[in-house]
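Asks: This is the structure I have questions about; it appears just below.
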Amino acid sequence: MSIEIDVSLLSHQYTKGQQVVEVNGSTVGQCLDDLVKQFPSIKQGLFDGNGKLHSYIGIYVNGESAYPEVLAKPVKDRDKLHIIFLIGGG
Amino acid sequence: MLTTDELERYERQIIIEGFGEEGQEKLKRAKVFIAGAGGLGSPVSIYLMAAGVGMIRIVDHDRVELSNLNRQVLHWDEDIGRRKIDSALEKLKRLNQGVKIEAIEETITEANVLQLVADFDLIVDAMDNLPTRYVLNKAALESNIPFFHGAVYGFEGRAMTIIPGQTACLRCVYRGRITPQEKFPVLGVTPAVIGCIQATEVIKYIVGIGELLTNRLLIYDGLNLKFTEFKVKKDPNCEHCSRLASKE
């Protein structure tokens, strides 16, 4: 299954400027694993030492939050994922 | 009732369809609480003053530093070392003498927030840290006051409008913690964009026109010049608004 992940908010840090990455998987977790395979350095930006998604990250599937069972959330062919960071500046 | 001067001063917005003198009178009666006189607080307060809201209370505890001046446009070279509230008060008074303005030097905490926002119609989140945003979100819910969120980082910004008891709150969307940074990267125009969006939402809410940014998180990516919108829902287990619902 081909899923697109929009990583534009991370692109300058982890994906060498690539804003959309095509991944395979049937759950959000599998898609993120595939993303990490393609760009290993992104792992530290997404997961803590125990493999849990950082609490300041939100994953959206087709514009809707994947919360609460984020990693187990099923996805289907051509779904679009966005990775959003919590920010606090003002 | 609007004066002759007010009718002339606000003419260009009064002639907007759906706005009218009635909308301007609503603005004139509104009392807006702005938390922060920094990067976001500057454009929010400037445009709400210019639009002719009735009263603004702006709260901040900092003094102006040289490194603030790339984005905090209320404060100028000559203000370095002054209290931000004094610098803000001076400029805002000169901008529009028809608006009542009150500037308070205070750190917003759980202990004082309810007292600070009491009797205000709207709360604008122009803070520079997440923990205080959570304090404001909770206070807005408890006091049943609409809350206008904004946040920035680098070229990025977020905005969302919260109507207590009706829409998702900030905590429904932001569940995690981030360590407050003493210095976060930011380009001056990013809070200008987000602050203007917050001010737009405030004006729309008061006047009662348009569609509010409720149950939607707006993300601004200035680097790629993209606005993206995400649907958000009330979290039934939200530690702020679900408790409130159970009290009702």
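Asks: Going through the cross-link list B:Lys28/B:Lys91; B:Lys26/B:Lys233; B:Lys100/B:Lys204; B:Lys26/B:Lys234; A:Lys80/B:Lys204; A:Lys37/B:Lys231, which pairs have a Cα-Cα distance over 22 Å in this structure?
Replies: Check vs 22 Å cut-off fails for B:Lys26/B:Lys233; B:Lys26/B:Lys234; A:Lys80/B:Lys204; A:Lys37/B:Lys231.
Asks: Pairs of Cα atoms under 8 Å, at least six residues apart: use those to get the relative contact order of chain A, whole percent.
Replies: 35
Asks: A follow-up question, please. How high is the relative contact order of chain B? Use alpha-carbon pairs under 8 Å, at least six apart in sequence, and give a whole percent.
Replies: That works out to 19 percent.
Asks: So, with +1 on the Cβ of K and R and -1 on the Cβ of D and E, and no other charges, what is the size of the charge dipole of the protein assembly as shown about its Cα centre, to the nearest 20 debye?
Replies: Using only the charged Cβ atoms, the result is roughly 560 debye.
Asks: Return the loop-located trypsin sites (Lys or Arg not before Pro) in chain A (DSSP other than H, G, I, E, B) with at most 14 other Cβ atoms within 10 Å of their own Cβ; answer none if there are none.
Replies: In loop regions of chain A (DSSP not H, G, I, E or B), the sparsely surrounded trypsin sites (Lys or Arg not before Pro) are A:Lys16, A:Lys52, A:Lys76, A:Arg78.
Asks: Each label point is 7 Å from the Cα along the Cα-to-Cβ direction; what then is the distance between the points at B:Gln166 and B:Ile104, in nm?
Replies: According to this spin-label approximation, the distance is 2.6 nm.
Asks: Oh, and also: Eigenvalues of the Cα gyration tensor times 5, then square-rooted: what semi-axes does that give for region A:2-85, in whole angstrom, largest first?
Replies: Three semi-axes, in Å: 17, 15, 12.
Asks: In Å³ and rounded to a whole number, note down the convex hull volume per residue for the Cα atoms of chain B.
Replies: 129
Asks: Follow-up. Would you mind ranking A:Asp77, B:Asp62 so that the residue whose beta carbon has the fewest other beta carbons within 10 Å leads the list?
Replies: A:Asp77, B:Asp62
Asks: To the nearest 0.05, what FRET efficiency results for A:Asn24 and A:Glu64 with a Förster distance of 22 Å applied to their C-beta separation?
Replies: Plugging the Cβ-Cβ distance into 1/(1 + (r/R0)^6) gives 0.55.
Asks: Where nothing but the Cβ of Lys and Arg (+1) and of Asp and Glu (-1) is charged, how large is the charge dipole of chain A around its Cα centre, in debye to the nearest 20?
Replies: 140
Asks: Here is a follow-up. So for region B:87-213, averaging the separation of alpha carbon pairs under 8 Å that are six or more residues apart and normalising by length, what relative contact order in percent results?
Replies: 20
Asks: Between A:Gly25, A:Gly49, A:Gly58, where does the largest GNM mean-square fluctuation fall for chain A, given springs only between Cα atoms within less than 10 Å?
Replies: Top of the fluctuation ranking is A:Gly49.
Asks: Where does each of B:Leu66, B:Leu40 land when they are ranked from fewest to most other beta-carbon atoms within 10 angstrom?
Replies: In order of increasing Cβ crowding within 10 Å: B:Leu66, B:Leu40.
Asks: Further, regarding this structure: What per residue convex hull volume, in Å³, do the alpha-carbon atoms of the protein assembly as shown yield?
Replies: Once divided by residue count, the hull of the protein assembly as shown is 145 Å³.
Asks: May I ask you to sort A:Ser65, B:Ser242 by Cβ crowding, counting other Cβ atoms within 10 Å and putting the fewest first?
Replies: With the fewest neighbours first, A:Ser65, B:Ser242 line up as B:Ser242, A:Ser65.
Asks: Run the quick spin-label model on B:Ala118 and A:Asp48: label points 7 Å from Cα toward the beta carbon, then report their separation in nm to one decimal.
Replies: With each label placed 7 Å out from Cα toward Cβ, I get 3.9 nm.
Asks: Please grab the % of Cα pairs in region B:1-129 that end up more than 20 Å from each other.
Replies: That fraction is 45 percent.
Asks: Right, here's the next one. State, to one decimal in nm, how far the label point of B:Lys183 lies from the label point of A:Lys16, with both points 7 Å from Cα in the Cβ direction.
Replies: Label-label distance for B:Lys183 and A:Lys16, simple model: 3.1 nm.
Values quoted throughout were computed directly from the atomic coordinates according to the rules given, and no laboratory measurement underlies them. What you are looking at is a predicted structure, and each value in this text was computed from that prediction instead of being measured. Because the Cβ atoms are built from the backbone with ideal geometry, glycine has one as well, and the counts that use them run over all protein chains shown.
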